[in-house]
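In what follows, a single structure is set out as structure tokens and then discussed.
The values are calculated or read from the model by the stated rules, or taken from the named source; none is laboratory data. Given the structure is predicted, the values throughout are model-derived calculations rather than measurements. FYI the Cβ positions are ideal-geometry reconstructions off the backbone, even for glycines, and counts take in every protein chain you see. SASA here: full protein model, heavy atoms, side chains in, ligands and nucleic acids out. Shrake-Rupley method; radii C 1.70, N 1.55, O 1.52, S 1.80 Å.
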Amino acid sequence: MRKLVVENKVTLDGVFDEQAEWQMQFWEGPDKMERYSKDHITAFDALLLGRVTYQGLAAVWPSMTDDVGYADWINRIPKHVVSTTLNEDDLSWNAQLITENVVDEVIALKQQSGEDILLVGSGDLLQTLMEHSLIDEYRIWVHPVVHGSGTQLFTDESEPTGLKLVEMETTGSGVVVLTYQPAEENE
């Protein structure tokens, strides 16, 4: 079964929106981008996105290029977009729409053959998937900045979820990449 991996960038105070205001100052040079890109290109063959995240990415990435293949990968990879307001005509970036039975559709996606599925952004969708224990791994990139206000990755409505740290990496710019998996109930 494919894993569903959440990867999001957050500030020290847990904000994950408005990333253009705070995230890029911590991006490291071409070597880090190349490693990051290759990890994605080989590990994931589908993206699961909420409407807002899909529309934001679709507005930028189709015209992007790079030397390491990340742009080719993100433009080529199938995207599964969860939305009750979009219709198929709104999807132009290699995407298909999930409008109902989100939990059942995600379970079906996980049961298909292939590489793992990546979820980025998509805060409301993340909450739904957490509620139904469908997340297999969380990769949280904690940036050394306090934003002060904004949308929190985990909200007051988030289901209590025990996690165990399985990997930690600190980048040269001070970003800490924390990888968690759901803890077993008796841990």
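Table: residues versus (1) touching a helix residue (DSSP H, G or I) at 6+ places or on another chain (Cβ under 8 Å); (2) under 25 Å from residue 109 (Cβ atoms); (3) at pLDDT 80 or above.
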residue: 14; (1), (2), (3): no, no, yes
residue: 26; (1), (2), (3): no, no, no
residue: 37; (1), (2), (3): yes, yes, no
residue: 48; (1), (2), (3): yes, yes, yes
residue: 54; (1), (2), (3): no, yes, yes
residue: 67; (1), (2), (3): yes, no, no
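Test residue 104 against the stated conditions and say whether it is open to solvent by 30 Å² or more (accessible area, probe 1.4 Å), modelled with pLDDT of 95 or more and within 21 Å of residue 10 (Cα to Cα).
When the stated conditions are applied, residue 104 does not pass them.
With the condition being touching a residue at least 60 places away in the same chain (Cβ under 8 Å), I'd like the strands (runs of 3 or more DSSP E) fully within segment 124-187 carrying at least 3 qualifying residues.
It comes to 137-143.
Out of all the residues in segment 114-121, is one or more surrounded by 12 or more Cβ atoms within 10 Å (Cβ to Cβ) and either within 17 Å of residue 12 (Cα to Cα) or free of Cβ contacts under 8 Å to residues at least 60 places away in the same chain (or both)?
Yes, segment 114-121 contains a residue that is surrounded by 12 or more Cβ atoms within 10 Å (Cβ to Cβ) and either within 17 Å of residue 12 (Cα to Cα) or free of Cβ contacts under 8 Å to residues at least 60 places away in the same chain (or both).
Within segment 92-101, work out how many residues are over 24 Å from residue 42 (Cβ atoms) and open to solvent by 20 Å² or more (accessible area, probe 1.4 Å).
Going through segment 92-101 one residue at a time, the tally reaches 5.
Tell me, yes or no, whether segment 67-77 has at least one residue that is out of contact with any strand residue (DSSP E or B) (no Cβ under 8 Å at 6 or more places or on another chain), open to solvent by 20 Å² or more (accessible area, probe 1.4 Å) and closer than 20 Å to residue 129 by Cα.
Within segment 67-77, none of the residues are out of contact with any strand residue (DSSP E or B) (no Cβ under 8 Å at 6 or more places or on another chain), open to solvent by 20 Å² or more (accessible area, probe 1.4 Å) and closer than 20 Å to residue 129 by Cα.
Give me the residue from segment 122-138 that is of a type in the set (D, E, K, R) and either more than 17 Å from residue 84 (Cα to Cα) or modelled with pLDDT of 95 or more (or both) and, out of that set, surrounded by the most Cβ atoms within 10 Å (Cβ to Cβ).
Within segment 122-138, the match that is surrounded by the most Cβ atoms within 10 Å (Cβ to Cβ) is 137.
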